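In what follows, a structure is listed as structure tokens, so that the remarks can point back to it.
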Amino acid sequence: EAGVHSKAWYAATCDRKTAEDALYRSNKDGSFLIRKSSGQDSRQPYTLVVFYNRRVYNIPIRFIESTRQYALGREKNGEERFDSVAEIVENHQRTSLVLIDSQNNTKDSTKLKHIVRVS
């Protein structure tokens, strides 16, 4: 399993709305959590939820069967792949994560800074 269950940032039973509400309440850029994806698709088991600039981003975490690795967002050439979801979080606590706003076609970036717990 992706190394998520014992982590403070993993909100196992949290749905999209609950996650978004918790992040809006935190109101801190770089606040984040990881939840199970709504679709329960084995190829996209989790979603990284990030708060930045008064917006919440839901970024799918894909599981790549052929390499047994994880990657963020839609498949793209030269994408970063990780051996666990925990590695994705650790990486983006050090290096910025690009946030793409598909509605306004803008890009921002932030590091994962504040773990949000869903109560």
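Just a few scattered comments:
- Of the residues making up region 50-62, just one is within 17 Å of residue 4 (Cα to Cα) and either touching a residue at least 60 places away in the same chain (Cβ under 8 Å) or not in a strand (DSSP E or B) (or both), namely 50.
- For region 68-89, the count of residues that are charged (D, E, K, R), closer than 17 Å to residue 115 by Cβ and surrounded by 14 or more Cβ atoms within 10 Å (Cβ to Cβ) is at least one.
- Exactly one residue out of 102, 119 is hydroxyl-bearing (Ser, Thr, Tyr), more than 24 Å from residue 6 (Cβ to Cβ), modelled with pLDDT under 90 and open to solvent by 60 Å² or more (accessible area, probe 1.4 Å), and it is 102.
- Near pairs, Cβ below 8 angstrom, 6+ apart or cross-chain, from region 81-101 (of a type in the set (Lys, Arg)) to any residue that is exposed (fewer than 15 other Cβ atoms within 10 Å of the Cβ): 81/64; 81/67
- Residue 44 vs. criteria surrounded by 14 or more Cβ atoms within 10 Å (Cβ to Cβ) and more than 13 Å from the chain's Cα centre (by Cα): no
- Number of the exception - residue 9 against (1) open to solvent by 80 Å² or more (accessible area, probe 1.4 Å); (2) at negative phi: (1)
- Flag if residue 89 is of a type in the set (Val, Ile, Thr) and not in a strand (DSSP E or B): yes
The values are calculated or read from the model by the stated rules, or taken from the named source; none is laboratory data. Not measured: the values here are computed from a predicted model. We place every Cβ from the backbone using ideal geometry, glycine too, and count neighbours over all the protein chains shown. Note: areas computed on protein heavy atoms with side chains; ligands, DNA, RNA excluded. Shrake-Rupley method; radii C 1.70, N 1.55, O 1.52, S 1.80 Å.
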